[in-house]
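Enquirer: Encoded as structure tokens, here's the structure I'll be asking about.
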Amino acid sequence: MYLAKLKLLQFKNYTQANFDFSTQVNCIFGPNGVGKTNILDAIYYLALTKSYFNQQDHQNIKHNESFFVVEGTFIQDKIDETIRINVQNGKKKSIQINNNEYSKLSEHIGQIPLTIITPNDIYLINEGSEERRKFLDGFISQLDKNYLNHLLVYNRTLDQRNKLLKNFFEFRYFDEKLLETYNQMLSSSGSYILEKRDTFLKSFTPIFKKHYKIISNLNEEVEIIYESNIDMDIGYLANLKISEQDDLRSMRTHVGIHKDDLVFHIDNYPIKKFGSQGQQKSYIIALKLAQFDYLKQSSSKTPLLLLDDIFEKLDEHRLNTLMTMISEKNFGQIFITDTHESRLKNVFDNMNQVDVAYLNIEKGIY
């Protein structure tokens, strides 16, 4: 599968733009602030139905406009599929495939596997547990529709349970049966999610370790540890019951998969506290390349790979390693942004039999 054409209408800084892409490598260059990353974000929208950089859909509409449209034509086995996303102020987001609208956005997730690597990905190490859960959930959701459905049910039920706890406190009443209903729903979806996360990490971690060794060129031991406050020896539901009095006092749910975390270790220590900048960069790149490999192995489609501004952020060894992997055609279609055309050409002109397209971007214009 590859993206042949991209159309933007009032998306971020673009009034209107049309792009044609190579099936292999697409180098998008131009000065800072002209909208190179916005092209990658539009591609991300087509795959995951949301922005990678700004989760509020309406904030991706061009200033002083009321809607945006992102449209992409994908080709697989000589068959065209056109994905169209329409976001309009005050209306429900619309996603269509070949002019047929999805009844649920979740139906589209996983149809276009994708991995993106950006300088901001260091937040996976430095920020709180919510960011790592989002990465994990987004990753697994591309592969498992049931996981995504359970996650949607869980999040909706969690919100309803927390509102119920607040009502108990504010209106001085207690409905044990209603609370038990929400507990049962959380337990059902939460148990499924917890098991899938655990199973996934057991198969994903060896792939991650392999990539870390290649990227870092060192023999450091790295590990991804899954932490949960759920004791499955007594069952999910029992955990909720034990925490019930604390939940009632604080008006929120204290235990569950919404509190879980990934702990990133290097040589048995948290990389957040003890890892150098170079080690952290290697960790993130290995994490994302392992994601690409895992998606590729688990899907009939080769994922798209988006690389944003990597030449400015990676040292020579890590960059050369990544470029070597690209030259060996381990990837499918690739999109790379950079500020310098000459730097891109110096890299790719030395690669034999790699089809490269160069796109010069001016501010909101192509």
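Enquirer: Given (1) free of Cβ contacts under 8 Å to residues at least 24 places away in the same chain; (2) under 18 Å from the mean Cα position of the chain (by Cα), identify the lone condition not met by Gly90.
Expert: (2)
Enquirer: Does Ala290 satisfy the criteria of being within 21 Å of Ile116 (Cβ to Cβ), part of a helix (DSSP H, G or I), modelled with pLDDT of 95 or more and of a type in the set (Gly, Ala, Ser)?
Expert: yes
Enquirer: Also, quick follow-up: Six or more apart or on different chains, Cβ atoms under 7 Å: show the pairs whose first residue is in the stretch 313-337 and assigned by TED's automatic domain parsing to the domain that holds Phe21 and whose second is surrounded by 20 or more Cβ atoms within 10 Å (Cβ to Cβ) and part of a loop (DSSP other than H, G, I, E, B).
Expert: If the second residue must be surrounded by 20 or more Cβ atoms within 10 Å (Cβ to Cβ) and part of a loop (DSSP other than H, G, I, E, B), the pairs left are Gly332/Pro303.
Enquirer: Can I ask one more? Looking only at residues that are of a type in the set (S, T, N, Q) and either in contact with a helix residue (DSSP H, G or I) (Cβ under 7 Å, 6 or more places away or on another chain) or assigned to a helix (DSSP H, G or I) (or both) in the stretch 327-353, which one is surrounded by the most Cβ atoms within 10 Å (Cβ to Cβ)?
Expert: It comes out as Thr337.
Enquirer: Based on what the data block shows, is Lys134 out of contact with any helix residue (DSSP H, G or I) (no Cβ under 8 Å at 6 or more places or on another chain) and in contact (Cβ under 8 Å) with a residue 24 or more places away in the chain?
Expert: no
Enquirer: If you scan the stretch 313-326, which residues turn out to be surrounded by 13 or more Cβ atoms within 10 Å (Cβ to Cβ) and out of contact with any Lys or Arg (no Cβ under 8 Å at 6 or more places or on another chain)?
Expert: Answer for the stretch 313-326, where residues must be surrounded by 13 or more Cβ atoms within 10 Å (Cβ to Cβ) and out of contact with any Lys or Arg (no Cβ under 8 Å at 6 or more places or on another chain): His317, Leu319, Thr321, Leu322, Met323, Met325, Ile326.
Enquirer: Still on this model: Would you please name the residue that is nearest to Tyr182 (Cα to Cα), looking only at residues in the stretch 135-154 that are among the aliphatic types (A, V, I, L, M) and in a helix (DSSP H, G or I)?
Expert: Among them, the one singled out is Val153.
Enquirer: Also: Filter the stretch 288-312 for residues that are aliphatic (A, V, I, L, M) and buried (at least 20 other Cβ atoms within 10 Å of the Cβ); which is farthest from Asn346 (Cα to Cα)?
Expert: So, considering only residues that are aliphatic (A, V, I, L, M) and buried (at least 20 other Cβ atoms within 10 Å of the Cβ), the one farthest from Asn346 (Cα to Cα) is Leu295.
Enquirer: I'd like to check something: does the stretch 205-212 contain any residue that is of a type in the set (Ser, Thr, Tyr) and in a helix (DSSP H, G or I)?
Expert: yes
Conditions (1) at positive phi; (2) of a type in the set (A, V, I, L, M, F, W, C); (3) modelled with pLDDT of 80 or more, marked per residue:
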residue	(1), (2), (3)
Leu314	no, yes, yes
Asn320	no, no, yes
Ser327	no, no, no
Phe335	no, yes, yes
Asn346	no, no, yes
Asn352	no, no, no
Leu359	no, yes, yes
Glu362	no, no, yes
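The values are calculated or read from the model by the stated rules, or taken from the named source; none is laboratory data. Not measured: the values here are computed from a predicted model. Cβ sites come from the backbone with ideal geometry, for glycine too, and all protein chains shown count toward neighbours.
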